[in-house]
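Everything below concerns the one structure shown next.
No lab work stands behind these numbers, since they all come straight from the coordinates. Bear in mind that the values here come from a model prediction, so they are computed numbers and not experimental data. Note that each Cβ is placed from the backbone with ideal geometry, even for glycine, and that neighbours are counted across all protein chains shown.
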Amino acid sequence: MTAPGIRTERLSAFEELAEWQRALRAQFPIIATHPDLAYLDSAATAQKPQAVLDAVQTYLTTANANAGRGTYTWANLTTDLVEETRDRVRRFLGDPDAEQSAVHFTSGATEGLRTIARDWLPAFLADGDEIIVPAGDHQANIVPWLDAQQALARQGVHIRVRQMPYQQASGDYDHTALADLAGPRTRFVAVTHVHHVYGGNMNIHRIREAVGPDAVLCLDAAQSVGHLPVSVTDLDVDFAVFSGHKAMALPGTGAIWARQARGPGFTPGGWSGTPNTVGIASLTAALDWLDTAGTDRIDRWTVALTARLTDGLRHLDAYEILGCQTSLAVDSPVQQRCGIVTFRHRAIDSGDLGFILFSHGFMVRSDNHCQGSAGEQTSSVRVSLHVYNSVEEIDRLLSVLASLV
Ligand code: PLP
C-alpha cells in the first residue's frame, strides 16, 4: 500500500501507521458492522469507539444521578465525574494551570461560541472597540458576534465588526492584510483552527503575530479537537470551543475552555440546570481514547488520506476542488489540509452527486456547509475523514468519481 505525499524512505513508517489504523478501525462497531458503507461525514459528527459506548453503559448502570445536589454515593460520583472531566478537558487541550482557566460544558461548538458572545464579550468591549470576525467560516463562528454587536448597540455601545480577510486561492486567512486591518482598538478576534469546507489548518500562530499580543483570540476548534494535537498554550489563545460529538463523545456534548489572562474571568450567565452527565461521561472516555490512540498519529493518518484524495481528484478534469489546489502532503511546507476535501462536479449538481455517491455506499455531505457570506455560495460535496477511514475507501471513492466523467 503506498501513500502519495509520503517520501519513499517513509513507506515502512506508513505501513506501520496503516497497521495501527486497522486495529483502531475495528474498535468502531458501526464501522466494523457495515463494511459496504463508507462514512465520510466526520466533520458533521464522528462515530464512537466501543470504549465510549462502554463508558456510557457503565455510567448509567453504576452512578447515574444528578450532579452537585445529592449527598449519596451516586450523586457524589456524578459530581466528581463532572469536575474531573473539566480537568480532563484542560489536560487534553494542553492547559497546565487549572487556577487560571475555566471549563464550561455545552451541547456543541455553536452553543459554546454563542455563550461567550452573550455572557462574556459585551462586558469586555467599550464604545469604539473593534472585533474581527471570519465571515467565510462556519455560521456558528459569525452570527453570535454580530448578535453581540446588535445587543451592545441597543445599550448605546457601538463596536465595529471587521471581516477577516482571506486568500481566495487557498482558503487560508490573509495574514498580511490582517496585520494592516488590526489596530489599537482591535480587542477580540474570532478564528477557526481547521476550516470546515477547505480543510486547511488556519495557522493560528500567524494570526497571533498579525494581531499582536493584546487581542483576545477565540478559537473555534470544532474541526481540530480529536483530529490533531491542540494546545491552547502553544497557540496562545484565550478561548477554545469544541464539539464533543465531533471528537467521538455523544451528541449534545461540547465545551468552552477559557483563560482569564486577557480579560475578565469567564462565567456563563444564569442557572443552566442539570448538566448532560451521560454526555460528560462519554466525553471523558472519548478524550482518553483519543489520547491513547495519539492525536499526532490520527493527524498523520487523515492528512495522508486527504493528500491521496486531493491528488487523485486533481487528475480528474470533471471536478473542481475548493480551496488550496496544491498537494498537501504530510511533510509539505505549505498549509496542510486536515481531513476535509470539498469539491464539485462541473456538470452534475452537488445534491445529485451526493445521492449518486450514496448509491455506491459513500456517505458525504452535499450543500453549502453552513458557510458565512464571504464563503462559497454554490453547493458542493464535502468528504471529511477520521481515523476509522481507510485507504481502500479513498481509492474506491476515486474510482467511482472517475466513472462519473
Ligand atoms: N464550527 C465549525 C468549524 C463547524 O464545523 C461546526 C459544525 O460543523 C460548528 C462550529 C458547529 O458545531 P455544533 O454543530 O457542534 O454546534
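Placing a label point 7 Å from the Cα of Leu77 along the Cα-to-Cβ line, the residues of the stretch 231-269 whose backbone N sits under 20 Å from it are 250.
For a protection proxy built on the mean count of beta-carbon atoms within 10 angstrom, sort 289-297, 221-229, 113-121 highest first, please. Walk me through the numbers on the way to the answer.
On the way: 289-297: 16.2, 221-229: 26.7, 113-121: 22.3.
The most tightly packed comes first, giving 221-229, 113-121, 289-297.
Among the GluC sites (Glu not before Pro) in the stretch 33-111, none is located in a DSSP loop while being surrounded by at most 16 other Cβ atoms within 10 Å of its own Cβ. If you average the sequence gap of Cα pairs under 8 Å that are 6 or more apart and divide by the length of the stretch 53-292, what percent do you get for the contact order? Relative CO of the stretch 53-292 lands at 27 percent.
Any idea what diffusion coefficient the chain gets from Stokes-Einstein, in µm²/s, Kirkwood Rh on alpha carbon pairs, 10 °C, 1.306 mPa s? Working shown, then result.
On the way: Rh = 22.0 Å.
Roughly 72 µm²/s, to the nearest whole number.
Listed by Cβ neighbour count within 10 Å, with the fewest neighbours leading, Ile132, Ile159 appear as Ile159, Ile132.
Can you sort Phe124, Phe362, Phe92 by how many other beta carbons sit within 10 Å, fewest first? Don't skip to the end; give the middle numbers.
Values: Phe124 17, Phe362 21, Phe92 27.
Least to most surrounded, the residues fall as Phe124, Phe362, Phe92.
Peptides 174-180, 306-312, 76-82, 381-387 ranked from most to least packed by the mean count of surrounding Cβ atoms within 10 Å: 381-387, 306-312, 76-82, 174-180. Would you mind pulling out the separation of the Cα centroids of the stretch 223-259 and the stretch 338-365, in Å? Computed from Cα coordinates, the inter-centre distance equals 28 Å. From its DSSP helices (H runs of at least four residues, each -39,500 (n - 2.57)), the chain gives a residue-normalised ellipticity at 222 nm of -12000 deg cm²/dmol. Applying both filters, DSSP loop and at most 14 other Cβ atoms within 10 Å, to the chymotrypsin sites (Phe, Trp or Tyr not before Pro) of the stretch 13-88 gives Tyr72. Once both labels are positioned 7 Å from their Cα atoms along Cα-to-Cβ, the gap between Asp214 and Ser373 label points is 3.0 nm. Taking Ala169, Ala26, Ala75 as the candidate residues, the one with maximal mean-square fluctuation in a Gaussian network model of the chain, Cα springs under 10 Å, is Ala169. Spin-label model, Ala318 to Ser359: label points 7 Å out along the Cα-to-beta-carbon direction sit 1.2 nm apart.
At a Förster radius of 22 Å, what calculated FRET efficiency corresponds to the Cβ-Cβ distance of Arg22 and Thr58, to the nearest 0.05?
On the way: r = 27 Å, r/R0 = 1.21.
Here the calculated transfer efficiency is 0.25.
Report the full-extension gain for the segment Asp395 to Ser272: residue separation times 0.36 nm, less the Cα-Cα distance, to one decimal in nm. Before the final figure, lay out the partial values.
On the way: separation 123, 0.36 × 123 = 44.28 nm, distance 4.68 nm.
Separation in residues times 0.36 nm, less the Cα-Cα distance, equals 39.6 nm.
Taking the number of Cβ atoms within 10 Å of each Cβ as an exposure proxy, the fewest-first ranking of Ser380, Ser403, Ser272 is Ser403, Ser272, Ser380.
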